[in-house]
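The values are calculated or read from the model by the stated rules, or taken from the named source; none is laboratory data. In this text the structure is predicted, and so the values were computed from the model without any measurement. In this analysis, Cβ positions are derived from the backbone assuming ideal geometry, glycine residues included, and neighbour counts consider all displayed protein chains.
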Amino acid sequence: MNIVALFKLVPDLVEELEIDQNGTALNTDFLRLIINEFDDHAIEQAILLKERSGARVSVLGPDIEGADDVLYTAASKGADQVIKLTGDFQGKANNHAMARAVASTLKELQADLILTGVQANTDLDGSMGALLAEYLDMPYVGYVSGVNTVDGKVVARKEYPGGLVAEMEIKLPAVLGIQAAEQPPRYVAVSKVRQAMKTATIEERPLAEADLSGGSTIHRMFKPEAGTRAEMIEGSADEVAARLVGIFKEIGVL
Amino acid sequence: MNQDIYVVIEHLRGQVADISYLMLVGARALAQTTGGEVIAVLLGHDAQGLANNMAANKVLYVDHPALAEFTSDAYQKTLAGLIREREPRAVLFASSSIGADVSGVLSARLNLPLISSCQSFSADGRPISQICGGKIMAESDLPDTTTLLTMIPGGYKPEEGQSGKAPEIIKMEAPSLDNLRVTLKQYIEPEAGDVDISKEPIIISVGRGIQNQDNIEIAEELAKALGGVVAASRPVVDQGWMSTSRLVGKSGKKVKPKIYLALGISGAPEHVEGMGESEVIIAINTDTNAPIFNVAKYGTTIDLFDLVPALTEKLREIKKA
Amino acid sequence: MITTEAVERSFYDKVLAATPDGEQLRVCLECGNCSGICPFGYLMTYPPSRLIAMIRANRFNKVLETDTVWMCVSCYACTAVCPSKIPLTFGLMTSVKEELLLAGNVPAELQTALANSQRYGNPQGESPRKRADWAKDVKPDIAIMAQAKKQVDVLWFVGDYPSYHPRVLSTTKALAKVLNALGVDFGILGPDESSDGDSQRLSGERGLFEMLAEKNGKAFGKYQFNKIITTDPHAYNAIKNEYPQLGISYPVQHFTEYLVERLEQLKPMLKREVKAKVTYHDPCYLGRANGIFDQPRALLEAIPGVELVEMAHNHANSLCCGGGGGGMWLDGFQWEKAHARMSEWRIQEAVKSGANILAVACPYETPRFEDAVKSLNIGGQLIVKDIAELLAESIG
């Protein structure tokens, strides 16, 4: 079975975000990118499936800063093939454009199962997985937190609010939006990643021209207004605790 | 294209999700700018009764045994035909396990634009989305064609989407729903035997900032002193430090306690979705810029490891006295 | 396929090669002192002496199936008592952790700290751009090397916890105050500084240590200074003993060493009395590992009003706070195994010594010991202060 895990890089929210001069996009000068955490889970789930029942795992993502790290890390976790999609995508691409362009690469790879994060913090036009599934004419199930493969089908644990889980049976080939792998993404020792840098080869495949239709046009981007902010309580631990006790009394829970 | 706003009603095991009512309110706001009606779209089997309290001008109801429980394939097929045929101004889906499975696929299948994570509409009908973990808002143009939108909570009140007067219900023909690629095998119930946090009036909730399992104890001590229960955000549950039954948020429980004390929780939208309607939210987080302070009534940036024991101590003294 | 024997063999060689005195492993007397003195040895399936026995018996693969090696906090106590001078901490225990790490047998908490160190250059996962934010409200302005564009006498390697941890920030600011009072010409690296990597190395992540050391080496190379001082004994240990092996050699002192050399200048400034019985906790990587016992005590004795008393375990016998060797990032794991905290044992000793103040010289210790004071519910009896804080207080 061919499993493909698809990732993208998103702004690292540990850093402050700034909006550009036009007020319609993030200021990319200050952006620090990190793998979308749900995509990290998708890669882990792919590796877990390989370890459990054997599969060929390919990991691919767009060629932007940070992609090499993700790919070498994936290789050291056990990915058989790591691919970088080249093209002028940074900043402009929306998920519709990405999904259309990636679809043709995925056809070449003859993927039986495509795993990608259920969402990303920059999604403004839906999630990658759902769009991709349709462009490939494959079924899609998202919010998945566990996958098993059984005779040409997969059984996925789909999460609903309140802790309810639905077991969905899905015909292959299929795309799944991963909410969480069965175990948190594993840590790989730096020495192993450095070794992968010497032994693994990152393939490059060009992406087709971006077709942005289907996405949104941003009129204005802004930070949530300060007016809605909490009333901040200052002081020592003791003073703040005393004020909180006061608040508890006001509300009537004491 | 007409000017009506459609709302795809989300329901699970006989229960309409709150977000459905919230979307009806959002749809009303949008319809006021487009000049159309608010129309609920209900898919199910013997589920017509669910529509009776919906604040909509009409309800389009599709009944089919294959729609008794949600599967992405059956919903996609049914809605694709309906949207193609009726060409509404916009269709609202929940940004959820159900809505997100359907909206993206339909956008690609019908070649219609999709705007996601929409929290509210501006006065001139532009969708305002929340992205980057709640740190950025993006206001998009509403395209001049049938537009699909996914909605997140926070902008409207679900109570206002309910009505005492039953709306007109129009039964629609279901398409052929054979050869589905996705089928439901079974539901697995959440772990039972634990407290039901959705019914608790006082919740002490811990997030990534609690750092390790050991530290959860200080939250438990506080909960004991205050008479509440401990809940958690996703990272804490993912680590296996607390059971899924204590998870608050999009993939966990929705809670509306009198007091929600958030310890070391950043306030990502997925979490806020589960607790945003709490009566009083108090946030403790050392990051001044954490989005949790945008939903909290009170906040402090003091280190939780200093504050929580001090607070517990004070509460114990009061109890003694 | 690699045979078990090959794994054993290569591991044996690896431990031997891990340090210049590695071959000492062959001369283990099986006295068991190491396992006896190990504070968590009683919880380990294979404490140091048994580990050696397992390796000699070619049964190391058994060790890889256990996880109690993660109870080791690299406190150096075993190494200090070994009559055969076997490098137990740096060689044996660290190599075993390396093997466990490569085998994926790592507690989740530790993984998070290592992943953060890799990505952000600090184990807490804080923004590297904010590494010098603490200095914003310090007067006079602190020179951040990239902006100051000047040569300084002393490069102050601030460290991870001193840069970000809300409690430890007060130590950092206190030390800035002392340095300024002495008129020291100093600068900091700010965002150019990465974790010293020593605790990551001692928790088995050699590759990560090298990566961090290289980053710091590059940063050191960019600027002109005469020597480095550190807030953190772990950073001191790394820069003094480990970085040179990677070709990064600079004169380095722990701040207590540096200040003692200026004691005559400092003494007249220590005007305010700190009327208290003070006991001093020797940090593992200042005391046992590097032999710095007297300098911190000399600083404390210079403060008017201070009466220095000793705890039962002091100098080379000092008890670890539990934070070293990755212990700082294994609190949950270790609590689950032990249902005890080393920091609490130490606090009980401090109380018994009759001290009102526990003085420390390592940034891991203030938060750990303060937590222990809280959990033992002895609030009014003992306060925890870094030596830098006590000096700053006395300067007034």
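Specify which of the listed residues (C:91, C:121) is of a type in the set (Gly, Ala, Ser), closer than 27 Å to residue C:160 by Cβ, in the same structural domain as residue C:23 (by TED's automatic domain parsing) and crowded, with 18+ Cβ neighbours inside 10 Å. Break it down into steps so the answer makes sense when it comes.
Working: C:121 fails: in the same structural domain as residue C:23 (by TED's automatic domain parsing).
C:91 is the lone residue from the list that is of a type in the set (Gly, Ala, Ser), closer than 27 Å to residue C:160 by Cβ, in the same structural domain as residue C:23 (by TED's automatic domain parsing) and crowded, with 18+ Cβ neighbours inside 10 Å.
Just the residues that are out of contact with any helix residue (DSSP H, G or I) (no Cβ under 6 Å at 6 or more places or on another chain) and without any contact (Cβ under 8 Å) to a residue 24 or more places away in the chain, please, taken from the range A:223-243.
Residues of the range A:223-243 that are out of contact with any helix residue (DSSP H, G or I) (no Cβ under 6 Å at 6 or more places or on another chain), as a first pass: A:223, A:225-227, A:231-232, A:234-236, A:239, A:242-243.
Within the range A:223-243, A:225, A:226, A:227, A:231, A:232, A:234, A:235, A:236, A:239, A:242, A:243 qualify.
Please verify whether the range B:83-103 includes one or more residues that are facing another protein chain (nearest Cβ under 9 Å) and surrounded by fewer than 20 Cβ atoms within 10 Å (Cβ to Cβ). Walk me through how you get there before you give the answer.
Initial filter on the range B:83-103 (facing another protein chain (nearest Cβ under 9 Å)): B:95-98, B:100-103.
Subsequent filtering for residues that are surrounded by fewer than 20 Cβ atoms within 10 Å (Cβ to Cβ) retains none.
For the range B:83-103, residues facing another protein chain (nearest Cβ under 9 Å) and surrounded by fewer than 20 Cβ atoms within 10 Å (Cβ to Cβ): absent.
Checking residue B:76 against (1) assigned to a helix (DSSP H, G or I); (2) buried (at least 22 other Cβ atoms within 10 Å of the Cβ); (3) facing another protein chain (nearest Cβ under 7 Å); (4) not small (Gly, Ala, Ser), which single condition isn't satisfied?
(3) is the only condition that residue B:76 fails.
Which residues, counting only those in the range A:217-232, are crowded, with 17+ Cβ neighbours inside 10 Å and in contact with a Pro (Cβ under 8 Å, 6 or more places away or on another chain)?
A:224
Check B:279, B:313 and return the single one that is within 20 Å of the chain's Cα centre (by Cα), facing chain A (nearest Cβ under 8 Å) and surrounded by fewer than 20 Cβ atoms within 10 Å (Cβ to Cβ).
Details: B:313 fails: within 20 Å of the chain's Cα centre (by Cα).
That would be B:279, the only listed residue that is within 20 Å of the chain's Cα centre (by Cα), facing chain A (nearest Cβ under 8 Å) and surrounded by fewer than 20 Cβ atoms within 10 Å (Cβ to Cβ).
Restricting the search to the range A:149-174, which residues are closer than 19 Å to residue A:44 by Cα and touching a residue at least 24 places away in the same chain (Cβ under 8 Å)?
A:149, A:154, A:174
Just a yes or no: is a residue in the range C:18-41 part of a loop (DSSP other than H, G, I, E, B), among the polar types (S, T, N, Q) and either farther than 20 Å from residue C:202 by Cα or more than 24 Å from the chain's Cα centre (by Cα) (or both)?
Taking the range C:18-41 and keeping what is part of a loop (DSSP other than H, G, I, E, B), we get C:18-21, C:28-32, C:38-40.
With the extra rule that they be among the polar types (S, T, N, Q), the set shrinks to C:19.
Applying the additional criterion that residues be either farther than 20 Å from residue C:202 by Cα or more than 24 Å from the chain's Cα centre (by Cα) (or both) yields none.
No, there is no match, as no residue in the range C:18-41 is part of a loop (DSSP other than H, G, I, E, B), among the polar types (S, T, N, Q) and either farther than 20 Å from residue C:202 by Cα or more than 24 Å from the chain's Cα centre (by Cα) (or both).
Within the range B:2-29, can you find the residues that are under 13 Å from residue B:88 (Cβ atoms) and surrounded by fewer than 24 Cβ atoms within 10 Å (Cβ to Cβ)?
B:2, B:3, B:4, listed by residue number.
Can you name every one of the strands (runs of 3 or more DSSP E) wholly within the range B:173-235 that holds 1 or more residues which are within 11 Å of another protein chain (Cβ to nearest Cβ)?
Details: elements: B:182-188, B:202-206, B:229-232.
Passing ranges, in order: B:182-188, B:202-206.
Look at the range C:295-341 and say how many of its residues are more than 15 Å from the chain's Cα centre (by Cα) and closer than 30 Å to residue C:112 by Cβ.
11
Residues in the range A:87-99: is at least one surrounded by fewer than 22 Cβ atoms within 10 Å (Cβ to Cβ), more than 8 Å from chain B (Cβ to nearest Cβ) and of a type in the set (D, E, K, R)?
yes
Got a number for residues in the range A:204-235 being facing another protein chain (nearest Cβ under 7 Å), more than 18 Å from residue B:127 (Cβ to Cβ) and outside any strand (DSSP E or B)?
Looking only at that region, the number is 4.
Is it the case, given these coordinates, that residue B:122 is on the phi < 0 side of the Ramachandran plot, surrounded by fewer than 19 Cβ atoms within 10 Å (Cβ to Cβ) and within 11 Å of another protein chain (Cβ to nearest Cβ)?
Details: on the phi < 0 side of the Ramachandran plot: yes; surrounded by fewer than 19 Cβ atoms within 10 Å (Cβ to Cβ): yes; within 11 Å of another protein chain (Cβ to nearest Cβ): yes.
So residue B:122 fits the description; yes.
So for the range B:152-168 (the condition being assigned to a strand (DSSP E or B), within 14 Å of chain A (Cβ to nearest Cβ) and either closer than 25 Å to residue B:270 by Cα or out of contact with any Ser or Thr (no Cβ under 8 Å at 6 or more places or on another chain) (or both)), does at least one residue qualify? Even if it seems obvious, please write down each step before you answer.
Step one: of the range B:152-168, the residues assigned to a strand (DSSP E or B) are B:162, B:168.
Filter once more, keeping what is within 14 Å of chain A (Cβ to nearest Cβ): none.
No: zero hits.
Go through the range C:364-396 and give me each residue that's of a type in the set (D, E, K, R), part of a helix (DSSP H, G or I) and in contact (Cβ under 8 Å) with a residue 24 or more places away in the chain.
Keep residues of the range C:364-396 that are of a type in the set (D, E, K, R), which gives C:365, C:368, C:370-371, C:374, C:385-386, C:389, C:393.
Narrowing further to those that are part of a helix (DSSP H, G or I): C:365, C:368, C:370-371, C:374, C:389, C:393.
Listed by number, the residues that qualify are C:365, C:368, C:370, C:371, C:389, C:393.
Of all residues in the range A:100-131, which are at the interface with chain B (Cβ under 8 Å from one of its Cβ atoms), over 24 Å from residue B:185 (Cβ atoms) and within 12 Å of the chain's Cα centre (by Cα)? First the steps, then the outcome.
To start, the set of residues in the range A:100-131 that are at the interface with chain B (Cβ under 8 Å from one of its Cβ atoms) comprises A:118-119, A:121-127, A:129-131.
Narrowing the set further to residues that are over 24 Å from residue B:185 (Cβ atoms) leaves A:119, A:121-126, A:131.
Scanning the range A:100-131 gives A:119, A:121, A:122, A:123.
Within 30 Å of residue A:137 (Cα to Cα), touching an Asp or Glu at 6+ places or on another chain (Cβ under 9 Å) and among the acidic types (Asp, Glu), is that true of residue B:63? Lay out the reasoning, then the answer.
Numbers: within 30 Å of residue A:137 (Cα to Cα): yes; touching an Asp or Glu at 6+ places or on another chain (Cβ under 9 Å): yes; among the acidic types (Asp, Glu): yes.
Judged against the criteria, residue B:63 is a match.
Step by step: first the residues of the range B:79-129, then only those that are assigned to a helix (DSSP H, G or I) and within 18 Å of the chain's Cα centre (by Cα), then the one that is farthest from residue A:136 (Cα to Cα). Which residue is that?
Out of the qualifying residues, it is B:99.
Out of A:214, A:235, I need the residue that is buried (at least 20 other Cβ atoms within 10 Å of the Cβ) and either out of contact with any Phe, Trp or Tyr (no Cβ under 9 Å at 6 or more places or on another chain) or over 30 Å from residue A:42 (Cβ atoms) (or both). Which one? If you could, list the steps in order and put the result at the bottom.
Values: A:235 fails: buried (at least 20 other Cβ atoms within 10 Å of the Cβ).
A:214 is the lone residue from the list that is buried (at least 20 other Cβ atoms within 10 Å of the Cβ) and either out of contact with any Phe, Trp or Tyr (no Cβ under 9 Å at 6 or more places or on another chain) or over 30 Å from residue A:42 (Cβ atoms) (or both).
Could you list, in sequence order, all residues of the range B:201-233 that are within 23 Å of the chain's Cα centre (by Cα) and either surrounded by fewer than 21 Cβ atoms within 10 Å (Cβ to Cβ) or of a type in the set (Ser, Thr, Tyr) (or both)? If you could, list the steps in order and put the result at the bottom.
Step one: of the range B:201-233, the residues within 23 Å of the chain's Cα centre (by Cα) are B:201-208, B:229-233.
Scanning the range B:201-233 gives B:201, B:202, B:205, B:208, B:233.
How about the range A:132-203: which strands (runs of 3 or more DSSP E) wholly inside it have at least 1 residues that are of a type in the set (Lys, Arg) and more than 8 Å from every other protein chain (Cβ to nearest Cβ)? Please lay out each step first, then the result.
On the way: elements: A:140-150, A:153-159, A:165-171, A:174-178.
Output list reads A:153-159.
Kindly indicate the residue of the range C:94-114 that is modelled with pLDDT under 95 and at the interface with chain A (Cβ under 7 Å from one of its Cβ atoms) and also nearest to residue B:215 (Cα to Cα) among those meeting that condition.
C:108
From the residues in the range B:301-321 that are free of Cβ contacts under 8 Å to residues at least 24 places away in the same chain and either in contact with a Leu (Cβ under 7 Å, 6 or more places away or on another chain) or of a type in the set (A, V, I, L, M, F, W, C) (or both), which one is farthest from residue B:247 (Cα to Cα)?
So in the range B:301-321, the residues free of Cβ contacts under 8 Å to residues at least 24 places away in the same chain come out as B:301-303, B:306-307, B:310, B:313-314, B:317-318, B:320-321.
Retained after the next criterion (residues that are either in contact with a Leu (Cβ under 7 Å, 6 or more places away or on another chain) or of a type in the set (A, V, I, L, M, F, W, C) (or both)): B:302, B:307, B:310, B:318, B:321.
On the way: B:302: 24, B:307: 23, B:310: 26, B:318: 30, B:321: 34 Å.
Ranking the qualifying residues of the range B:301-321, first place goes to B:321.
Looking at (1) more than 22 Å from residue A:223 (Cβ to Cβ); (2) in contact (Cβ under 8 Å) with a residue 40 or more places away in the chain, which one does residue B:294 not meet, given that it meets all the others?
(1)
Across the range B:243-263, which residue is farthest from the chain's Cα centre (by Cα) among those that are in a loop (DSSP other than H, G, I, E, B) and more than 8 Å from chain A (Cβ to nearest Cβ)? So that I can check it myself, show each step before the final result.
Of the range B:243-263, the ones in a loop (DSSP other than H, G, I, E, B) are B:243, B:249-252, B:254-258.
Retained after the next criterion (residues that are more than 8 Å from chain A (Cβ to nearest Cβ)): B:243, B:249, B:255-257.
Working: B:243: 21, B:249: 8, B:255: 11, B:256: 13, B:257: 16 Å.
Per the criteria, the residue is B:243.
Among the residues of the range C:346-363, which ones are assigned to a loop (DSSP other than H, G, I, E, B) and either free of Cβ contacts under 8 Å to residues at least 24 places away in the same chain or not small (Gly, Ala, Ser) (or both)?
Of the residues in the range C:346-363, the ones assigned to a loop (DSSP other than H, G, I, E, B) are C:353-356, C:361-363.
The answer is C:356, C:362, C:363.
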